[in-house]
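The values are calculated or read from the model by the stated rules, or taken from the named source; none is laboratory data. Small disclaimer: the values here were computed from a predicted structure and weren't measured. Every residue, glycine as well, gets a Cβ built from its backbone with ideal geometry; the counts of neighbours run over all protein chains shown.
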Amino acid sequence: MPELPEVETVVRGLQRVLPGRRILDVRLGKTDFIDDPAALAKNLPGRRIARVRRHGKFIVVELEGGGAGAVSSSLLIHLGMTGQIIFCAPDAPIAPHTHVFFALDDAREMRYTDIRRFGQMRLLVNGAQDSALGALGLDPLEATETEFSARVGGRSARVKALLLDQHVLRGMGNIYTDESLWRARIHPRRLGATLSRVELHELFRAIRQALTEAIRLRGSSVSDYVDAEGMRGEYQFRHRVYQREGQKCFRCKTRICREVVAGRSSYFCPRCQPAPRAPRKKFRQAKRS
DNA sequence: CTTACGGCCTGGGTGC
DNA sequence: TGCACCCAGGCCGTAA
């Protein structure tokens, strides 16, 4: 499941091949995950790709303008859980769940496959950029510690929910949230506002370290994630808690626990990451005395 | 406004 | 062999 490090890895791969290429043709399969399929087919053919960048978990393919040279529109791609971008010859066999084909002027085809179709594709024209991407929060690798502490420490929601909230920080998903909280020794059910200055500092550092290390290892391939070159990542071998329920904590040997927090499976060490004092009243009372 | 939660989308994996 | 069920990430509606 592509989160910031995986998307960053894919984008770096795309940056090596896409800038300067012209899109000759677009063919569509299933389009229920595309905002306006007709707009893609109508506007993309003939356009040249200026550059590729990442915005949170979005891949932004910026297209050259109609002639003025200014970037006027962008193709936004979100990989969801199972989205993949692959390059191949136009006559190469079509992998199952391939839904978009971009014919390029280097005699290759860029294809988008997505088993679950939880991904998203959208063409942003002119000023639309800001409204669509502007609502997202800070990039965890660009934010300062002060900004981060204000965003997370000033909220009363669970820290797990805050880190997953793309309007707070853009790019974190379940894996890197859990890995960061373990590194910082913070329980996922802790509330943002109860975190001490030191804890916020540790969490900020932990997030940066986890993401940076994961990018260096080209992301985590937990299911079928591969980058734009078809390579698997290697950060899954460095996971300390994610999907390690019942296995020993790398720090203290305590068994890793799994609990649903903020609607997501959350993995943590019950000893390194002590639970907050007063758990939710509801659950307290629900427990038979 | 903020937060919590359930439901929805889809299909591969699991377990009976 | 089949099949019900769970789960994943993001988003949206609803309720407190």
Could you look through segment A:107-122, keep only residues that are surrounded by 14 or more Cβ atoms within 10 Å (Cβ to Cβ) and either over 27 Å from A:Asn174 (Cα atoms) or free of Cβ contacts under 8 Å to residues at least 60 places away in the same chain (or both), and pick out the one that is farthest from the chain's Cα centre (by Cα)?
A:Arg108
Just need a number here: residues in segment A:150-196 that are within 16 Å of DNA strand C (Cβ to nearest atom) and either of a type in the set (A, V, I, L, M) or closer than 15 Å to A:Val241 by Cα (or both).
22
Considering only residues that are part of a loop (DSSP other than H, G, I, E, B), among the aliphatic types (A, V, I, L, M) and modelled with pLDDT under 90, which ones fall in segment A:230-261?
A:Met231
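So, of the residues in segment A:1-35 that are part of a loop (DSSP other than H, G, I, E, B) and within 15 Å of DNA strand C (Cβ to nearest atom), which turns out to be modelled with the lowest pLDDT?
That would be A:Met1.
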All positions within segment A:249-267 that are more than 16 Å from DNA strand C (Cβ to nearest atom) and out of contact with any Cys (no Cβ under 9 Å at 6 or more places or on another chain):
A:Lys253
Would you mind finding the one in A:Arg151, A:Arg122 that is basic (Lys, Arg) and either within 18 Å of A:Phe58 (Cβ to Cβ) or in a strand (DSSP E or B) (or both)?
A:Arg122
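Do the conditions hold for A:Ala95, that is, is it of a type in the set (A, V, I, L, M) and surrounded by fewer than 16 Cβ atoms within 10 Å (Cβ to Cβ)? Before the answer, list the steps.
On the way: of a type in the set (A, V, I, L, M): yes; surrounded by fewer than 16 Cβ atoms within 10 Å (Cβ to Cβ): yes.
For A:Ala95, the condition - of a type in the set (A, V, I, L, M) and surrounded by fewer than 16 Cβ atoms within 10 Å (Cβ to Cβ) - is met.
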